[in-house]
There are 2 protein chains.
Amino acid sequence: MIEQRAFSVEAWGLTETELRLDLIAQAESLFALSNGHIGLRGNLDEGEPHGLPGTYLNSVHELRPLPYAEAGYGFPESGQTVINVTNGKIMRLLVDDEPFDVRYGQLRKHVRHLDFREGVLTRVAEWTSPARRTVRVTSKRLVSFTHRSIVAIVYEVEPLDGPATLVVQSELMANEALPPMGRDPREAAVLEAPLRSLEYESRDSMVELVHETKNSGIRMAAAMDHVITGTDAVRIAKNVAPDIGRVVVTDHLQPGQRLRIVKFLAYGWSRQRSLPAVRDQVGAALTSAHHAGVDALFAEQKAYLDDFWARADVDLEGDTEIQQAVRFALFHVLQAGARAELRPIPAKGLTGPGYDGHAFWDTETFVLPVLTYTNPQSVADVLRWRHGTLPIAKDRARQLGLAGAAFPWRTITGEECSAYWPAGTAAFHVNADIADAAIRYVEVTDDRAFEEETGLELLIETARLWRSLGHYDVHGDFRIDGVTGPDEYSALADNNLYTNLMAQRNLLGAADACERHLEKARCCGVTADEMAEWRAAARAVLVPYDEDLGVHQQADGFTRHQLWDFDHTKPEQYPLLLSFPYFDIYRKQVVKQSDLVLAMHLCGHAFSAEQKAKNFEYYERITVRDSSLSACTQAVLAAEVGHMALAFDYLAECALLDLQDLQHNTRNGLHIAALAGTWIALVAGLGGMRDENGVIAFAPRLPEGLTRLTFTLTRRGLQLRVTVLSNEASYELLHGEGSMEILHHGERLTVEDGVAVRRAIPTAVPRPTPTQPKGREPRHR
Amino acid sequence: MIEQRAFSVEAWGLTETELRLDLIAQAESLFALSNGHIGLRGNLDEGEPHGLPGTYLNSVHELRPLPYAEAGYGFPESGQTVINVTNGKIMRLLVDDEPFDVRYGQLRKHVRHLDFREGVLTRVAEWTSPARRTVRVTSKRLVSFTHRSIVAIVYEVEPLDGPATLVVQSELMANEALPPMGRDPREAAVLEAPLRSLEYESRDSMVELVHETKNSGIRMAAAMDHVITGTDAVRIAKNVAPDIGRVVVTDHLQPGQRLRIVKFLAYGWSRQRSLPAVRDQVGAALTSAHHAGVDALFAEQKAYLDDFWARADVDLEGDTEIQQAVRFALFHVLQAGARAELRPIPAKGLTGPGYDGHAFWDTETFVLPVLTYTNPQSVADVLRWRHGTLPIAKDRARQLGLAGAAFPWRTITGEECSAYWPAGTAAFHVNADIADAAIRYVEVTDDRAFEEETGLELLIETARLWRSLGHYDVHGDFRIDGVTGPDEYSALADNNLYTNLMAQRNLLGAADACERHLEKARCCGVTADEMAEWRAAARAVLVPYDEDLGVHQQADGFTRHQLWDFDHTKPEQYPLLLSFPYFDIYRKQVVKQSDLVLAMHLCGHAFSAEQKAKNFEYYERITVRDSSLSACTQAVLAAEVGHMALAFDYLAECALLDLQDLQHNTRNGLHIAALAGTWIALVAGLGGMRDENGVIAFAPRLPEGLTRLTFTLTRRGLQLRVTVLSNEASYELLHGEGSMEILHHGERLTVEDGVAVRRAIPTAVPRPTPTQPKGREPRHR
């Protein structure tokens, strides 16, 4: 946890003014730059000290065997792990032969600043070497949103207190040594030096290394080129070997003189294309960037972000920390998804190696809803990636004895990589989550071409999965037995309520989409009978309810289980999964993360207002939030049932998760879905936004502590700005022609172009504040 | 499977008259000799060819890491695997420098015979060498029941058709190469050469090797000594090295002359005692055997077995195969348990390395009931072994957050070695099974000293476990959620009926035993309140029942699950667990092995006769018998509800399991529990024996195909012989004074010493024959 504020609180950026070695790994995650295609951790230019060096390329991974002491049929045998690729961000500096290393000499000034509007990480350091020469180092770094293969670095050095001989080594380094991670020796063995050199070359100030991964067979090229401005004394040398390339710049400067190195870095990779193709692609990208020039790259970066913020910004008054946090969140969500383009958005984006670089259901359930309203193109791209993995998912379904497609619980390329099936394979809801994301995307964008080309087949194959996974019992209920819902503190339950309701949506959504695209559906073999079967199953879906307690059940029998003994659970025993066996956790009433509560958010129509309030209170008492994917949903439902202070507490927990390292694992990368959850907590929580049944609804209400909340979203080509004050809300279409039907606290309104519609906010029904497990109350905001 | 009869059908032995290399591994298991302390597979004297060389010492094992791709809290990290120890049964023979190897030259005669009354494996081979010299080799081998550290081998060779120079190398060989087993390279690495030499020496014709296991730290000594009778030309040499000792006997014989080598082999091992102590123990055993002489060893062996058969024999008319099979079964059950003495009885006894040499619940539930009535001392010994592991089981309970003791699912020394927790740790019924065995042993033997010293604490600590594992729900039902019952095709269910009823017995049995030993119970901290709590929980145990279908549920919700699609399951897809994922299997109605049906056998009082019939029929339809632990119980219940032909079919399947290799894995060792099941199918099945509520009951009835069944059992010091004919049964006390109350088909009788009581057998209520899943019908007898 980052207890003390190590970073500034500001509206549009994140600034560090002191280099704390104990927080260096966390800062590397927070300062990570990415465009969804390439990701760089915020390592210092000189490479060391570091928490965890990291350069990631979307989907570049290595395979490793998944060991089982007792294997079973269908257990995946091979895992995929994201690898740290050739590091091109290293700029080593020697000042009169002394290596610049902040651990030696004296760091007189240190400022790093990530600017959310510029999309640039800048650094200013003033350092006195052990030999007492002081220099100023200034660097700027970007991963381009507009040139997706390109990284640009501007590195400048100037002596401050006397002449100095400076040497800068600009490097490309493959198979970099990493600090030890896992305890499994085989894992370490495989991933220690995952790259095998295929080719290396240099030309002028350009150096290029081509490698391939040993087992996964991905060819990968990295190249750098430079524009160097120094004194007349400047000299350039270079050397290159299989795993290292260096361009070495030497200059002798007086105070007031400056050595400036612009470094362009390009990456390309493919499992299909040949070595020359991959190499030439990188060369072309480098040339194009070079020709554009670094100033153009910075300008384009800003323009790209200006566009984004105009569509996506959330602006609020009353809480600067939350203001900063939501922009930080949106910036990183954009970075994760912007240019992923037919590749996944991993749980950590490209900010760290956590979760092996895998993508989970979080992408579809938390990240894509945000992007759907703010950057829809990247939603279509991620779903096209899923669509591209349909052959693998169909094979997996067949292997599991099911129809349709079974998407993996965790993966990089589409193969199931989960080695613990009760919390992997059995978590079938991922399929409905993908379908839900496709339904939402089409609903919000009206992108019928996408629906026909991509969404329809996703819906059909997942609907087929559900139809084969469920069955009718003697009472005619459609049951889905033995699956695991979102709450990872339960497993293999019958009729998980979330799963059943999401399957219902999936089945209906597939039938609806087929009706819109009858011909294409027929090509996929869908008949009227099959569509009717989907609708029938959806209608008959079992929704477990405890009549005695008057609450819904997370799954059959759940509310009859023993209550977890919260009173005797010590604070250091959380997260429970590290202190108690699954056996104990699964069989008791204790909830890791919103499950039934998430169902109440995403499938609100299935519950009455009174049921929502009672359910929320019941599950609040047993939810421990050992997952980062809980607080945002609790914020949404707390707001809906009228606990605005509690909603604000959960919003803050979600918003500050990484900025304050609340889960003690920000070092391994940011929690992209939880960051997206910040927007959800604000827009669906405080804003009360729901988008079911063809009309977008709001039920805004501010907690004490906020005086204004403004957010913008795009629906069917229209940009709507919502401004919430304590007593009223206003709705306004920003540009473009047309009008939008909306609901405000249940009242139907039409918002016309150019006319803000204002409405009063009704007072909430007062309810007793719900309680949480002892010691698991959210921090009060 | 052994399709064609490769072995004789005879009443008191097993004879092989042809050496079939394709069945050599199965024959090694069938011809295995053991006293429960030492076990030798039936390898040929000359060591090769072999299926699997095997010499096992009870509990001598090596440790190996248990790998997890995704580990969890409380997953065991170290596994135990039985090892093949120093092989002392090798007698290599050279005839005029040609090694005797049945794969070369011509094997003119081959007979191996295992005699159930002698306890000896004999072999006669006549072989013509490639150089055309013919010899007769005769060997006899025993593992002594009376000298538990001793193996004796008598090896004789004579030339038949001309003079020959014979060389016999009698060996001790450690770290013998084994054929590849598992595919995990680490497993192989650890177990390839598990022994490290500590010392080796020789004296006269004695050779001794002392080793220790590398990781588990067990010191183990093996020694051999010889009595050699040959011509005047006989010469003896020897050599010894860390892993090999040889005594080499050379002689030149004429036809009619014979070289005879008596080999005594002794083993000793300990984790505690010093090298000299272990070494000297072996020397002493060897000396003692030597002094007794080999003839005395054979005579003692026979006397020991005469005693056993007088107590335990099951004699029947009408089916010689079953007659042979039940004696084969009893012989091997005795071999597994006779001298285990504070060590476990593994699932495979000491006949092979299957299941890593682990002991499971099978021992208590299937093996001990048989031994309780036929060789009770070994029951007390096994339970004392369990008692000795109580500290480990208490630690495990604590680790799992439970009170009392949690015994392991699979183990050699008491530590949990199950690496797949849904079918390991979660199968808590093992604790009630142990308690049940203790309750039965005390009930049948009235061994109050054992109860006070051993049984009581086992009952108390397991009762405490159940009390902490269960809880009361809002209706006051005592529930045990999220556990796995005997049926391994379900897992993590709520209120597994078998588990709940066995827990009930455990709780009541503990309270009863505490009342009999109040002072000792008080020493264990048991209060009157605790006893009352146990009784209350037992009374409130939930017994799941489906009112709609009118049958009991294997667990909550079980009968609402989808039926397995038996019609589309191909014969080669059985056992299902090798063709379908657990995910699919667990969530459907398909039963691997008797679970609810086993509850109806062991807890018959909880069901009405009508319920038993309906339940049997219901579960019969979905039970596939992919486990060897199913047919015997199905035989018992089929007989009880009146399906005598079906009972006979299941009895035969159980009886012939290993003799015909029905499960295709007899090569890895015999199924000791299924062998015990043969007795259970006969005595509890056809004999209808139940022993609840202080009185032993019979309800005998013969199927067509049998004309007489006679069995003997000992209860409270009295030997009762039961003879069942088609129309009547007779009960007779064999010796000893006293009288025994029994029930015959519900009628209470008193059997007095010396007077046989005869009663007619009532005709069975006719019922429609139940059906099994398609293709899983038992073979009709």
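Helical content alone sets the calculated 222 nm signal of chain B at -9000 deg cm²/dmol, taking -39,500 (n - 2.57) per DSSP H segment of four or more residues and averaging over every residue.
Relative to the longest principal axis of the Cα atoms of chain B, helix B:294-312 runs at roughly 20 degrees. With a 10 Å cut-off around each Cβ of A:59-71, the average count of Cβ atoms from other chains is 4.
Its Cα gyration tensor gives chain B an equivalent ellipsoid; the semi-axes, largest first and in whole Å, are 45, 30, 26. Between the Cα long axis of helix A:429-445 and the first principal axis of chain A there is an angle of about 80°, rounded to the nearest 10.
Each label was represented as a point 7 Å from its Cα along the Cα-to-Cβ direction; for residue A:272 and residue B:280 these points are 7.8 nm apart. Distances between copies of residue B:229, taken at a point 7 Å out from Cα along the Cα→Cβ vector and listed shortest first: 10.9 nm.
Copy-to-copy label distances for residue B:738, where each label lies 7 Å from Cα along Cα-to-Cβ, are 9.3 nm in order of increasing length.
Peptide A:401-413 shows a mean partner chain C-beta count of 1 within 10 Å per residue C-beta. For chain A, the longest principal axis of the Cα atoms and the long axis of helix A:390-399 meet at an angle of about 60 degrees.
Expressed in Å, the radius of gyration and Dmax of the Cα atoms of segment B:649-752 are 15.7, 48. Ranked by the mean number of other Cβ atoms within 10 Å of their residues, highest first, the peptides B:65-76, B:366-377 come out as B:366-377, B:65-76. The Cys residues in the protein assembly as shown with no partner Cys Cβ within less than 4.7 Å of their Cβ are A:417, A:514, A:523, A:524, A:603, B:417, B:514, B:523, B:524, B:603. Residue by residue along A:474-484, Cβ atoms of other protein chains within 10 Å of the local Cβ number 4 on average. Over every Cα atom in segment A:62-201, the radius of gyration and the widest Cα-Cα span, Dmax, amount to 20.9, 71 Å. Using the Cβ-Cβ distance between residue B:311 and residue B:11 with R0 = 22 Å, the FRET efficiency computed as 1/(1 + (r/R0)^6) comes to roughly 0.75. Straight-line cross-link partners of residue B:109 among the lysines, defined as a Cα under 25 Å from its Cα and at least 8 positions apart when in the same chain: B:89, B:140, B:263. Spatially, segment B:707-781 and segment B:313-359 are offset by 23 Å when compared through their Cα centroids. The peptide list A:202-209, A:590-597, put in order of mean Cβ contacts within 10 Å with the highest first, becomes A:590-597, A:202-209.
Sequence-ordered 3J(HN,Hα) estimates for segment B:565-582 from the Karplus curve with 6.51, -1.76 and 1.60 and θ = phi - 60° stand at 7, 5, 5, 9, 9, 7, x, 6, 8, 9, x, 4, 5, 8, 10, 9, x, 3 Hz, glycine and proline given as x.
Tell me the relative contact order for segment B:31-307 as a rounded percent, counting alpha carbon contacts under 8 Å between residues six or more apart. Averaging sequence separation for qualifying contacts and normalising by length gives 19 percent for segment B:31-307. The label point for residue A:448 and the one for residue B:693, both projected 7 Å from the Cα toward the Cβ, are 7.7 nm apart. Extending 7 Å from Cα along the Cβ direction at residue A:131 and again at residue A:227 yields two label points whose distance is 3.2 nm.
For residue B:446, the label point sits 7 Å beyond Cα toward Cβ; its separations from the matching points on the remaining copies run 9.3 nm, from shortest to longest.
In sequence order, segment B:511-528 has phi-based couplings of 5, 4, 5, 5, 5, 6, 9, 4, 5, 4, 4, 4, 4, 7, x, 7, 10, 4 Hz under the Karplus curve 6.51 cos²θ - 1.76 cosθ + 1.60, θ = phi - 60°, and Gly or Pro positions carry x. The relative contact order of chain B comes to 11 percent, based on Cα pairs under 8 Å that sit 6 or more residues apart. Only alpha carbons enter this Debye calculation for segment B:211-274, each as an equal point scatterer, and the log10 of I(q)/I(0) it gives at q = 0.16, 0.20, 0.23 Å⁻¹ is -0.67, -0.85, -0.99.
Note on residue A:468 and residue B:545: with the Förster distance fixed at 30 Å, the Cβ-Cβ geometry gives a FRET efficiency of about 0.50. Rounded to whole numbers, the Karplus 3J(HN,Hα) couplings from phi for segment B:9-17 are 10, 8, 7, 10, x, 9, 10, 10, 10 Hz, using 6.51 cos²θ - 1.76 cosθ + 1.60 with θ = phi - 60°, and x at Gly and Pro. Looking down the axis that turns chain B into chain A, the chain B residue with its beta carbon nearest that axis, and the gap rounded to whole angstrom, comes out as B:67, 2.
Take the Kirkwood radius over Cα pairs of segment B:416-624, plug it into Stokes-Einstein at 10 °C and 1.306 mPa s, and you get 88 µm²/s for translational diffusion. Percent of Cα pairs in segment B:637-699 per distance bin of 5 Å, from zero to the largest separation: 4, 18, 24, 19, 15, 10, 6, 2, 0. Mean sequence separation of contacting Cα pairs (under 8 Å, at least six apart), scaled by the length of segment B:416-624, corresponds to a relative contact order of 21 percent. Our summary of shape: the Cα atoms of the protein assembly as shown have principal axis extents of 111, 75, 68 Å, ordered from largest down, in whole angstrom.
So if the hydrodynamic radius of segment B:31-307 is defined as the Kirkwood radius over C-alpha pairs, what does Stokes-Einstein give as its diffusion coefficient at 37 °C and 0.692 mPa s, in µm² per second? The estimated diffusion coefficient comes to 167 µm²/s. Per-peptide packing, taken as the mean over residues of other Cβ atoms within 10 Å, places B:260-270, A:286-296 in the sequence B:260-270, A:286-296 from highest down.
FYI, it's all coordinate maths here, none of it is from the lab. The structure presented is a predicted model; accordingly, all values stated were derived computationally and were not measured. FYI the Cβ positions are ideal-geometry reconstructions off the backbone, even for glycines, and counts take in every protein chain you see.
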